[in-house]
Amino acid sequence: MENLPKNYDPNKVENKWYDYWMENDFFKAKVDYDKEPFSIVMPPPNVTGQLHMGHALDNTLQDIITRWKRMKGHSALWLPGTDHASIATEVKVVDKLRNEGIDKDEIGREGFLEKAWEWKDEYGGRITNQLKKMGSSCDWSRERFTLDEGCSEAVTEVFIQLYEKGLIYQGDYIVNWCPSCHTTLSDVEVEHEEHEGKLYYMKYPIKDSDDFITVATTRPETMLGDTAIAVDPSDDRYKDLVGKTVILPLMDREIPIVADRFVDSEFGTGMVKVTPAHDPNDFEIGERNDLDLIKVIDEDAKMTEVTGKYAGMDRYECREKVIEDLKEEGLFIKTEEHIHSVGQCYRCDTVIEPLVSKQWFVKMEPLAKPAIEAVKNGDIKFIPERFSKVYLNWMENIKDWCISRQLWWGHRIPVWYCEDCGEVIVSRTEPDQCPECKSSSLKQEEDVLDTWFSSALWPFSTLGWPNDTDDLNYFYPTDVLVTGRDIIFFWVARMIFMGLEFMDEPPFSDVYVHGLIRDAQGRKMSKSLGNGIDPIEVIEEFGADALRFTLITGNTPGNDMRFREERLEASRNFANKIWNAARFILMNVDDFDYNSTNFKDLKLNLADKWMLSRTNEVTKKIDKTLENYNFGEMSKSLYDFIWNEYCDWYIEILKERFYQDQDLKAKETAQYMGLKILGDILKLLHPVMPMITEEIWHKLPISEKSLMISDWPEYEENEVDKDSESKMNTIMSVIKSVRNIRNEMKVDPGRKIEAILLSDKTEILESGESYLKNLANIDNLRITKTLKNRPQPSSTSIVEGVEVILPLEGMVDIDKELKRLNNELEDVKYEIKRAKGKLSNDGFVNNAPEELVEGEKQKVKEYEAKKEKLQERIEQMKLN
RNA sequence: GUGGGUAUAGCUCAGUUGGUCAGAGUGCUACGUUGACAUCGUAGAGGCCAGUGGUUCGAAUCCACUUACCCACACCA
């Protein structure tokens, strides 16, 4: 057999296996009622986006779960797809067109959409190809796009059904307007950021009086649209003013003073200027007090005609001018520094302008109710649990959802208006005539839907809804949703209420929320900081397996993680370690026929039994950690087991049977076991590191079948062999102890030494005699229950009831040895004191579990014995 | 303002329901080329588990408060 190269090179391996899996349709999930279904829908990345570390983590986690379930015999579906990302994509396409000198409005809706689809076709495959590089085992035959035919059908259907139920309505309300994207935004699409701003104080003259009232504002330009002054109804200072009229400066408009509960008498002057057309709170005050609505700022954030001399000015330019003019009229009082948060567009950061306009809304209260209940009653579980609080808090205070967007790239609202009688027609297909007046002069609603409207349907629209499909019956509801905490509101919450409304079942039972991947300094990775790490570059340097392993190691649910190169190196080294373990095994099984060897004929020794037992236990551990989404613990268990147990101990122990003269049966057993355990390790590791494990698997003479569709190891309780584990532990402790002394006494590592093991456990030690000799480099080993003449000088240590005596003539430094023994003695004394303290405590003895008390008693016994021996040795040392 | 998170070896982080839990990686020290691996091996040093108080027989783990940093949501005239 050809030897493997010394170092593992992922670049030579990874792509090969992805192609192999694809060619064999291994990712394709079948509707198979003999199997238990398992399904995950992938959070659809923006179709023209690029893979970032967040995606990498998200998809690694999903792939791990999917691969694991698949190997465990489920019909596992991981359904991939992309999101049309209405606003984000439109912004990019508009930018591109602008660079080409094309204006969006010039080419019109049709022309623009053509360009947008071109853009989608150009970049649409990029992120999915990047996901493939990650090794993601998604069923690409079921790949979906939120703007494809099926998803669009689902969107229309949902819109119409909600409309018919009275849950979608149209109305004039104040909405968040982005003057740059030229569209409305939902509340969650507005990001609030603290800004150092100014608070301007100004005077409004009271009509028929020489008095003034004082108001303060952060946006003086809005005063042009003021239609009232409001005060706290319980504020005694201004009781007499309510009902009076003030003259709005600059505009010379008479506006009333009203009392409204919104006003906080403690803040500012206790008087608020009310601009119903440009502030959400003022809008509500206006509703309550029946105030006029005067729009002074337009969709471009410029002043409207009604502002007279200010018309056409930019809002900020107008602000300066207003202040200037007020000063001139002696109505300006002062400016104060003021920190306040400013709403900005989540896509372009432009400051939001609240505007009143006619929009479409989803009535949230009836939808939120069951969505709250589903989480409260445990039908949907958040991991970690604390996010259910975040979710509930939002759901319980939810406002109606503005779903119309003044964009073109998206699902056009299925509504037509009759141009003759004004009838609103909501229809699945384009109507020919108005049902009321039979006019054929119909015009479709220009607006499209919020991009999250279609993603909210993702768990069932992708499975075929509104059609009654096998996929839908079999795979819905999905099992777990894996996502970052930033889209709980945008997406998770909306999927939940839509799923409940249209499928009568929550779309998933578990929501696993992972944290952010930050840079090495703990900062958020962002484009503007330029501190993002490109997963693809990482894959090219370290391999996708190493990246995947890095992303889950030490990661805990919901917590952020810093990403540093050293951790990638550690993962790469781990891959290399496994590679070399396989290399070693393969170098020694040339003459061995695995498949015609019967396990029952093997001659298992202590280490074999120990290894089998440990493998079995680790299998259980991996299952349990994955069951609970403890990916960090899972990777640590694998790492420790593979490196510290299989490689450091088991392989070292196999060597004696490979290299030293043995009977054939012993060698065959070693060959079989080395391969078998390696095979199991590859299986357990496969969900995390699919490529390297598949590569090695195909080099092993175990099976022709692909590793990814092989059977997951089964945990067998009766195969746990605690007795062998305990024996091995004793032997390993003795070996470590000998190595320790050798190191301290500076014995030449290559030198074979003599050792005496004095203990009652002779049987155990004898069963590990060869391990002791080989791994501690002992040539003359004596295992005995009694010892009459102690060799002098010698170095001693006591572990696990075994007195390890190394007669190191000419090498023992008496002072050093004394010091060592005394240190050991101190430790023992401390332990005895601790254990005895516990045992002398009645509370402990009476309340603690019996085995624990028993354990402490045992400990005291052991340590007392050890103490005695140590003291003996110290005395002897002193005599010499 | 409301809610939440984090504080554990020099650094980055684990520690599942309170009882061998004081851990890992990396870094550091000493030694090491016996045919898997120097992307390695062996051994070692390092922490009052943020502080205070409480519950308990027993607390890194539960409770309260304090301090420091972070996040979300709300308000901001």
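The values are calculated or read from the model by the stated rules, or taken from the named source; none is laboratory data. These numbers come from a predicted model, not from an experiment. Here Cβ is always computed from backbone atoms with ideal geometry, including for glycine, and neighbour counts include all displayed protein chains.
Quick notes on this one:
Residues are listed down the side, and each one gets a yes or a no for (1) in a helix (DSSP H, G or I); (2) out of contact with any Asp or Glu (no Cβ under 8 Å at 6 or more places or on another chain):
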residue	(1), (2)
A:Lys705	no, yes
A:Ser733	yes, no
A:Leu781	no, no
A:Val804	no, yes
A:Leu818	yes, yes
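- The residues of the range A:856-880 that are loosely packed, with under 13 Cβ neighbours inside 10 Å and of a type outside the set (D, E, K, R), listed by number, are A:Gln858, A:Leu879, A:Asn880.
- Residue satisfying all of: in the range A:770-783; touching a residue at least 40 places away in the same chain (Cβ under 8 Å) and surrounded by fewer than 19 Cβ atoms within 10 Å (Cβ to Cβ); nearest to RNA strand B (Cβ to nearest atom) among these: A:Asn774
- Residue within the range A:303-323 that is closer than 25 Å to A:Arg237 by Cα, within 16 Å of RNA strand B (Cβ to nearest atom) and among the charged types (D, E, K, R) present: no
- Residue selected from the range A:60-105 under the condition under 13 Å from A:Ala116 (Cα atoms) and of a type in the set (Asp, Glu), by the criterion surrounded by the fewest Cβ atoms within 10 Å (Cβ to Cβ): A:Asp95
- Cβ-Cβ distances below 7 Å connect the following pairs, each with a first residue in the range A:319-345 that is within 30 Å of A:Glu189 (Cα to Cα), a second residue that is assigned to a helix (DSSP H, G or I), and a separation of six or more residues or different chains: A:Arg319/A:Pro220; A:Arg319/A:Glu221.
- Residues located in the range A:515-540, provided they are on the phi < 0 side of the Ramachandran plot and within 11 Å of RNA strand B (Cβ to nearest atom): A:Gly515, A:Leu516, A:Ile517, A:Arg518, A:Asp519, A:Ala520, A:Gln521, A:Arg523, A:Lys524
- Test for A:Val747: is it within 14 Å of RNA strand B (Cβ to nearest atom), crowded, with 21+ Cβ neighbours inside 10 Å and under 12 Å from A:Leu806 (Cα atoms): no
- Candidate set from the range A:332-346 (those that are away from RNA strand B (no atom under 12 Å from the Cβ) and buried (at least 16 other Cβ atoms within 10 Å of the Cβ)); member that is farthest from A:Thr89 (Cα to Cα): A:Phe332
- Annotation: of all residues in the range A:750-769 being within 16 Å of RNA strand B (Cβ to nearest atom), over 48 Å from the mean Cα position of the chain (by Cα) and of a type in the set (Gly, Ala, Ser), the one that is nearest to A:Lys866 (Cα to Cα) is A:Ala755.
- A:Glu196 falls short on exactly one of the conditions (1) surrounded by 15 or more Cβ atoms within 10 Å (Cβ to Cβ); (2) more than 10 Å from RNA strand B (Cβ to nearest atom); (3) of a type outside the set (Lys, Arg), and that condition is (1).
- Among the residues of the range A:275-294, those identified as more than 9 Å from RNA strand B (Cβ to nearest atom), under 47 Å from the mean Cα position of the chain (by Cα), surrounded by 18 or more Cβ atoms within 10 Å (Cβ to Cβ) and closer than 21 Å to A:Thr245 by Cα are A:Thr275, A:Pro276, A:Ala277, A:Phe283, A:Ile285, A:Gly286, A:Ile294.
- Taken residue by residue, the range A:590-605 has no member that is farther than 27 Å from A:Leu4 by Cα and under 39 Å from the mean Cα position of the chain (by Cα).
- Index of the failed condition, A:Gly543 passing every other in (1) crowded, with 17+ Cβ neighbours inside 10 Å; (2) of a type in the set (Gly, Ala, Ser); (3) at negative phi: (3)
- Here the strands (runs of 3 or more DSSP E) wholly within the range A:132-212 that include at least 2 residues being in contact with a helix residue (DSSP H, G or I) (Cβ under 6 Å, 6 or more places away or on another chain) are A:168-178, A:190-205.
- Among the residues making up the range A:466-489, those that are out of contact with any strand residue (DSSP E or B) (no Cβ under 7 Å at 6 or more places or on another chain) and at pLDDT 95 or above are A:Pro466, A:Asn467, A:Asp468, A:Thr469, A:Asp470, A:Asp471, A:Leu472, A:Asn473, A:Tyr476.
- Within the range A:58-106, the set of residues being over 22 Å from A:Pro45 (Cβ atoms), among the charged types (D, E, K, R) and in contact with a strand residue (DSSP E or B) (Cβ under 8 Å, 6 or more places away or on another chain) comprises A:Lys69, A:Arg70.
- Scanning the range A:382-397 for residues that are surrounded by fewer than 19 Cβ atoms within 10 Å (Cβ to Cβ) and touching a residue at least 40 places away in the same chain (Cβ under 8 Å) returns A:Pro384, A:Arg386, A:Val390, A:Trp394.
- Qualifying residue in the range A:488-502 (condition: more than 20 Å from A:Ile383 (Cβ to Cβ) and without any contact (Cβ under 8 Å) to a residue 24 or more places away in the chain): no
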